[in-house]
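The values are calculated or read from the model by the stated rules, or taken from the named source; none is laboratory data. Worth saying up front: this structure is predicted, and the values here are computed from it rather than measured. Virtual Cβ from ideal backbone geometry, glycine too; neighbours counted across all protein chains shown. The area values use the complete protein model at the heavy-atom level, side chains included, leaving out ligands, DNA and RNA. Shrake-Rupley method; radii C 1.70, N 1.55, O 1.52, S 1.80 Å.
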Amino acid sequence: MNQFKLIPINLLNIRRKFHVSVGFGYEQKSDDYKVIRILNFYRCRPARTMVEVYSTKLESWREVNTNVCLNNMTTSNCDAIVEGFTYWVIRNRKESITTVLASFDLRNERFCIIPVPQVLATKSHNFRAINYLGSLALLAQSSPDGFNKCLDIWVIEGPSNCEESVWKKKFTFGMDFSFSTHWGFTNGDVVVQNAPNKPFLFNLRTKQLRIIGTDVIQSVFSYTESLVSIKGFNPVPQQ
């Protein structure tokens, strides 16, 4: 429908330095689109995290309580959006498990921590949280022989139960070329980049490449277009 909504900024009278990360998602039961804003105060002892949620239905911000430490986020926006949940990668170098996922339930407005596979958490693996065909997955770069690169897709086996989630490597795709970065998965294609070249789509089934007409990619998200107008949203002006 090509619609947008301007969201009022909730100004805070805070003098301490903080890092901001935002997330977005749709909560089906309340038929509400929500924005999550996370503020990490990185020069506090102890570390402090503040979480706010904006409801486009209520047109208001509210602070939600959290007992999860969300410091060391890797991006200024969420890493994946999947069926009423948003996910962030959290890297905590002071713990034995260095990397976990923070999952935010848009219905209950609560965070929980999901461990990642140990081989990815304890090694400097390059991986991203993605929406894989409507389910949470990890797209990880590996090199079994030390030369040729592969992309592995990890999924949660059985129900996702935060700390008790069990991961399984579902697919491994050999790549016929070298690449420096992989950004995500969309419609059967992975978005990869071979610096200093432009990013391109690589179809895992047909092995075909297609250049993307942009120079910079911050993140990749899958989405479904709405067929009806959303209350409170305005049409995007034609260019």
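Points worth noting:
- Near V116, the amide H atoms lying under 5 Å from its own belong to L101; only residues 5 or more places off or on other chains count, and H is placed 1.01 Å from N.
- For the range 22-66, the dipole from Cβ point charges (+1 on Lys and Arg, -1 on Asp and Glu) about the Cα centre works out to 340 debye, to the nearest 20.
- Additional length obtainable on full extension of the chain from Q118 to F173, 0.36 nm per residue less Cα span: 17.8 nm
- Here the peptides 229-236, 53-60 are ranked by packing, the mean other Cβ count within 10 Å, and the order with the highest first is 53-60, 229-236.
- Accessible area of E225 in the full protein assembly, 1.4 Å probe (Å², nearest 10): 130
- Other-chain or far-sequence residues with amide H under 5 Å of G25's (modelled H): K34
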